[in-house]
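In what follows, a structure is listed as structure tokens, so that the remarks can point back to it.
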Amino acid sequence: MRRRLTAVMAVTTAVIVVALVAPLAFVITDRQASNRRQATELTATTLASFIDDRTSPTEIVATIDRLTTDDPGIEVTVYRRDGLVLGADVPVDDVVRASFEPGAPEVTENDGDVVYLPNNGPFEFDEASEYVIRVENVDTVFAESNRRLKVVLAASTILAVALAAIIAAFAARTISDPTRRVTRTARRLQSGDLSARATPEGPREVRELAEALNALARQVEELLVRERESVADLAHRLRTPLTALHLEVETLPDSNEAGELMERVERLERTLSEIINEMRHDRPAEVAPRADLVATIRGRLDDWSQVAGEAGRQIDLAIESQDPRIVAIAPDDLGATFDILINNALAHTPPHTAVTVSVGVSAGGVSLVVDDRGRGFSKSSASALARGASGDGSTGLGLDIARRTVEGASGSIELGQSNFGGARVTLTMPTIDADFAPGPRPTDNR
């Protein structure tokens with residue numbers, strides 16, 4: 001940007017300077033040439049008015065010497081019809097011979113630098129001339145002056161363009177540098193650094209942009225704080241009925257069903273506690289979030305198969321390999337993501353239909369596929385994954401939560417059509433070593 005502004009201003013200045021200097025140089029040069037022509041013609045006319053039939057050669061030579069002394073830049077020669085040449089030794093040529101003819105006009109050559117003036121008297125225009133006066137301007141001062149003028153004009157043009165380039169560079173810097181700094185601040189905000197602020201500087205428009213960006217960043221921070229507080233408060237409000245449910249489950253007689261119910265209640269309590277701590281920034285930094293995908297899916301299916309069986313539904317499981325497949329997701333987050341997919345499949349398919357869960361492996365990765373026999377996705381993949389975009393009576397948050405969880409582990413989610421004509425959701429994630437230990441888990445500012 002700075003280079004473009006500098007180049008534009010320099011070129012503009014050069015055009016302006018040339019547009020002004022070129023006519024000025026032409027006018028000065030033309031004026032000097034006109035003055036030279038007038039001086040040459042004046043010398044010839046002056047000498048012609050002095051010479052007549054009674055003027056002796058000695059007087060003519062004396063007059064020539066006086067004229068050339070007063071103006072060293074001229075060369076004067078007088079030709080007489082009988083062949084006498086007085087003054088500068090310039091041979092007789094065709095122009096001189098023609099000038100002796102009756103009624104011969106004044107002749108100028110070299111743009112007025114040389115004048116041939118027939119002298120046939122004031123009342124004898126039709127008579128043959130007795131004398132022809134030749135005056136040549138041999139002044140080198142004009143040529144030198146003209147050369148100096150061109151040098152000065154060229155130097156002035158170069159100096160003006162260079163000065164304009166310096167000024168343009170300074171002006172461009174005062175615009176481009178603050179703009180770059182505002183851009184860097186905007187990119188920091190884009191990357192999640194909400195503490196970034198721009199310094200209002202530079203032109204008024206750039207200062208206003210920086211102030212608007214800072215105001216926007218403050219508003220986003222305030223909205224995030226309010227959102228976190230609202231989520232934490234909502235989760236905290238759920239603790240009371242959950243505690244009551246916990247107490248009621250404790251009063252149930254000991255049985256497998258009571259134990260499974262208590263385990264689910266405790267899992268929900270842990271989830272609520274994690275939400276509250278994370279929203280209030282009290283959650284301790286997690287190192288090496290990881291889970292065995294195969295083990296997590298099997299554990300979750302134990303619960304879901306019972307629920308589906310009570311509703312007359314069936315969940316089929318196909319695992320390509322029974323070996324552990326470690327992914328960079330916390331076990332609870334991975335289980336919650338799987339719960340979302342199964343819940344969606346059961347909620348949007350007809351009664352007494354089956355859901356198929358497949359776990360596939362590949363070099364360096366693992367995939368989780370959930371196929372159902374429902375109506376499939378009525379929207380495009382991008383629309384279905386948009387947060388809150390569901391049109392089927394749900395909140396529209398489930399698939400978005402699953403997407404963010406998988407993308408946090410460098411994975412991806414893909415929506416499509418199953419082989420049964422319903423919906424297919426495919427999660428693809430890279431696997432890690434069992435002793436993988438990355439740094440603290442980054443905070444999700446979204």
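The values are calculated or read from the model by the stated rules, or taken from the named source; none is laboratory data. Given the structure is predicted, the values throughout are model-derived calculations rather than measurements. Every residue, glycine as well, gets a Cβ built from its backbone with ideal geometry; the counts of neighbours run over all protein chains shown. Areas reflect the complete protein model, heavy atoms only, side chains present, ligands, DNA and RNA absent. Shrake-Rupley method; radii C 1.70, N 1.55, O 1.52, S 1.80 Å.
Points worth noting:
- Between Leu301, Leu317, the distinction of being surrounded by fewer than 18 Cβ atoms within 10 Å (Cβ to Cβ), modelled with pLDDT of 85 or more, outside any helix (DSSP H, G or I) and in contact with a strand residue (DSSP E or B) (Cβ under 7 Å, 6 or more places away or on another chain) belongs to Leu317 only.
- Residue match in the stretch 253-264 (condition: among the charged types (D, E, K, R), out of contact with any Gly (no Cβ under 8 Å at 6 or more places or on another chain) and over 24 Å from Asp333 (Cβ atoms)): yes
- For the stretch 320-343, a residue qualifies if it is closer than 11 Å to Arg290 by Cβ and either open to solvent by less than 50 Å² (accessible area, probe 1.4 Å) or out of contact with any Asp or Glu (no Cβ under 7 Å at 6 or more places or on another chain) (or both), and the qualifying residues are Ile326, Val327, Ala328, Ile329, Ala330, Pro331, Asp333, Leu334.
- Positions within the stretch 1-57 being of a type in the set (Val, Ile, Thr), over 30 Å from Ala169 (Cβ atoms) and either at pLDDT below 75 or open to solvent by 50 Å² or more (accessible area, probe 1.4 Å) (or both), in sequence order: Val27, Ile28, Thr29, Thr45, Thr46
- Within the stretch 351-369, being of a type in the set (Gly, Ala, Ser) and not in a strand (DSSP E or B) holds for Ala363, Gly364.
- Just one residue in the set Gly439, Gly388, Gly421 is more than 18 Å from Arg290 (Cα to Cα) and at pLDDT below 85; that residue is Gly388.
- One residue from Glu127, Glu106 being farther than 24 Å from Asp139 by Cα and either open to solvent by 60 Å² or more (accessible area, probe 1.4 Å) or in contact with a Cys (Cβ under 8 Å, 6 or more places away or on another chain) (or both): Glu127
Residues checked against (1) over 20 Å from the mean Cα position of the chain (by Cα); (2) surrounded by fewer than 17 Cβ atoms within 10 Å (Cβ to Cβ); (3) not small (Gly, Ala, Ser):
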position: Leu149; (1), (2), (3): yes, yes, yes
position: Leu159; (1), (2), (3): yes, yes, yes
position: Ala165; (1), (2), (3): yes, no, no
position: Pro178; (1), (2), (3): no, no, yes
position: Leu189; (1), (2), (3): no, no, yes
position: Arg197; (1), (2), (3): yes, yes, yes
position: Pro200; (1), (2), (3): yes, no, yes
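- Only one entry in Val231, Val249 is in a helix (DSSP H, G or I), in contact (Cβ under 8 Å) with a residue 40 or more places away in the chain and surrounded by 13 or more Cβ atoms within 10 Å (Cβ to Cβ), namely Val231.
- Among the residues here, Ala402 does not qualify as crowded, with 16+ Cβ neighbours inside 10 Å and modelled with pLDDT under 80.
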